[in-house]
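Bear in mind these aren't lab numbers, they're just calculated from the coordinates by the rules spelled out. As the structure is a computational prediction, the values presented were derived from the model and not from experiment. Positions of Cβ are generated from backbone atoms using ideal geometry, with glycine treated the same way; all protein chains shown enter the neighbour counts.
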Amino acid sequence: MHKYDLAISYVWQFDKKFVELIEKRFQKAGLKTYVIEKFNLYETAGLLRTKRLSFKAYLDRASDEDHNFDSITKILKRRKCHLINPHDKIRKVTDKAYMHKKLEKKNLRLPKTFILPPYDCDDEINLSGTELEQLGKQFVVKPSIFSGGGEGVVKNASSVEQIQEARMQSHTEKYLIQEKILPRTLDGKRAWFRIFWAFDKVIPCWWNDHTHIYQRLTKEQIKKYHLLQLIRITSRLARLTFLDYFSTEIALTKKHKFILIDYINDQCDMRLKSNHTNGVPDRVVIEFIDAMQKKIISL
């Protein structure tokens, strides 16, 4: 039997550099990696079924796009393999409506939010004028599940017609109608952050919600601007979700209140900044990979 420390599957072309970097750093540490793509999917499934191949851990970045890759997960669930962010954990926590209610009960600061049922279940917008006023002149409309990379999100809605139009586009899922959070400015930057939870490690970044430009947040900046809550909130989310990794968005208001904006993103976009202007800083991607490596060694 051929044994590997980590198997990675992917279909998105922009994951290629990320996967290559994982392989480079793992192999440098003496660990064996195995990559699953469309061309070797069925061959790999066959080798796994006949127990000629085994993985210590599996990072699945393919099956959300191509369900043919589900066969690999089904086989590995019956083996001694650590599934990184298995689907049964992800399904609920990436549902924004579900997580909003869960986080609300845990007293985390969230935007003022009204949750509407799927359009197919109720085509009426049961929000009173008073409730709409609570959201302000402009508000955010987002689907509960399908909003990867901000797709499907209306950031500057101002009318019930826009709410209804959005609901009709993804008519089988719930919608969150939220107040628009305006961050303060720190050192000339919008105080908007994307924080990665990576295998027991918190990696905080500045993240401009308009340009999507990242910058690693330093320990000095955390101390100077009193941003330790970013670490605490992210760690708390990790304890609630039991995920190996995810990213979350937090904004800091003018009153120095930390508002949790986008709760759990499980399939983090790991395009490298060295290749894409709005990519994740290479240093952050390396921190992520090294934290994953440490976790797998400990299994």
Most fluctuating residue of ASP70, ASP122, ASP244 in a GNM of the chain with Cα springs under 10 Å: which is it? ASP122
Residues HIS226, HIS171 arranged by fewest to most Cβ contacts within 10 Å: HIS226, HIS171
Is segment 2-84 best put as rounded, prolate or oblate by its Cα gyration tensor, with a ≥ b ≥ c the root eigenvalues, rounded for a/c under 1.5, and otherwise prolate when a/b is larger than b/c, oblate when not? oblate
If contacts are Cα pairs under 8 angstrom and at least 6 residues apart, what is the relative contact order of the chain in percent? 17
Phi-based couplings in Hz for segment 104-109 (Karplus 6.51, -1.76, 1.60; Gly and Pro marked x): 4, 5, 8, 6, 7, 6
Amide H neighbours of LYS180 under 5 Å, at least 5 residues apart or on other chains, H built in the peptide plane: list them. VAL140
Please order TYR42, TYR4 by the number of other Cβ within 10 Å, starting at the fewest. TYR42, TYR4
Identify which of ARG283, ARG61, ARG78 has the largest mean-square fluctuation in a Gaussian network model of the chain, with springs joining Cα atoms closer than 10 Å. ARG78
Check HIS82: other-chain or 5+ apart residues with amide H under 5 Å from its amide H, H built from backbone geometry? ALA57, TYR58
If we count other beta carbons within 10 Å of each Cβ, what is the order of ARG79, ARG236, fewest first? ARG79, ARG236
If amide H atoms are built 1.01 Å from N in the plane of the peptide, which residues on other chains or at least 5 residues away come under 5 Å of the amide H of GLU173? TYR119
Mind running the shape call on segment 112-179? Use the C-alpha gyration tensor, a ≥ b ≥ c as the square roots of the eigenvalues: rounded below 1.5 for a/c, prolate if a/b tops b/c, oblate otherwise. oblate
Given the pairs LYS32/LYS294; LYS219/LYS295; LYS101/LYS142; LYS74/LYS96, which are separated by over 18 angstrom at their Cα positions? LYS219/LYS295; LYS74/LYS96
Of all DSSP beta bridges having both residues in the chain, the percent classed as antiparallel (nearest 5) is 70
Applying the gyration tensor rule to the Cα atoms of segment 168-299 (axes a ≥ b ≥ c; rounded if a/c under 1.5, else prolate if a/b exceeds b/c, else oblate), the class is rounded
So how strong a dipole does the chain carry about its Cα centre when Lys and Arg Cβ are +1 and Asp and Glu Cβ are -1, to the nearest 20 debye? 1720
